[in-house]
Amino acid sequence: MVKKLLSEYFKKRNLLSQNALTQRYLVIDLELTGLDAKQHEIVSVAWVVIDNQCIKMSESKHLVNKDVKSLEQSPVYHGINDDTLAKGQSLTSILAQLSSHFSDCILVFHNAMLDWGFLKVALKSANINIQPKLILDTLHIEQKRLINHSCDIKQDDLTLSACRTRYELPSYHCHHALTDAQATAELLLAQCHQISRGKELQLRSII
């Protein structure tokens, strides 16, 4: 047990010393029926791969959970209805595909507390025990950056749209998981380049 813990510690310490700009990332976004992981559901899961600063849209996925019991306001917010669900996949199948990337990618979310919170519950229910090697949160990265620059942070300053605006990134239509995953991927690269300013950026600097 001690050997395993020490091995994991040194493995993570080595990872954190690596260059953030040369990593492989899996940027994930979820569409949900609400904000409580104990009572609401995952409607769909989307992910986009970043490899060595290149966003690989050819490796992106947007999968709809056909097992959703109640869509709540999803048809309004996400445009997903019962016909869309019928063409979807089981959540277990979606999670199996998603978790297959955990060993070779660093996971990225905008508001990891929300999306990873839902995924942890779902993965546990599906008996999938694969753990990601590291999780980054573009919301947390931006919050830390603003605090370091002594900026006042208002209520909506850390939304995905507001964060992108500060880097002069284009405005995208939100509430679609794949679009938001791509938008988060672009934001991460912009943040890394802004923080590094042409120098090597260790992963430990942005967690």
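Each reported figure results from applying straightforward, stated rules to the coordinates on display, with no laboratory input. None of these values were measured; they are calculated from a predicted model. For neighbour counting, all protein chains shown are included, and Cβ atoms are generated from backbone atoms with ideal geometry for every residue, glycine included.
Positive contributions from Lys and Arg (+1) and negative ones from Asp and Glu (-1), summed over other residues with Cβ under 13 Å from the Cβ of residue 205, come out at +4. Extension gain for residue 17 to residue 62 (0.36 nm times residue separation, less C-alpha to C-alpha distance): 13.0 nm. From the alpha carbon centroid of region 128-156 to that of region 169-207 is 11 Å.
Modelled this way, with points 7 Å down the Cα-to-C-beta line, the labels at residue 127 and residue 143 are 3.6 nm from one another. Taking every DSSP bridge with both residues inside region 19-205, close to 70 percent are antiparallel.
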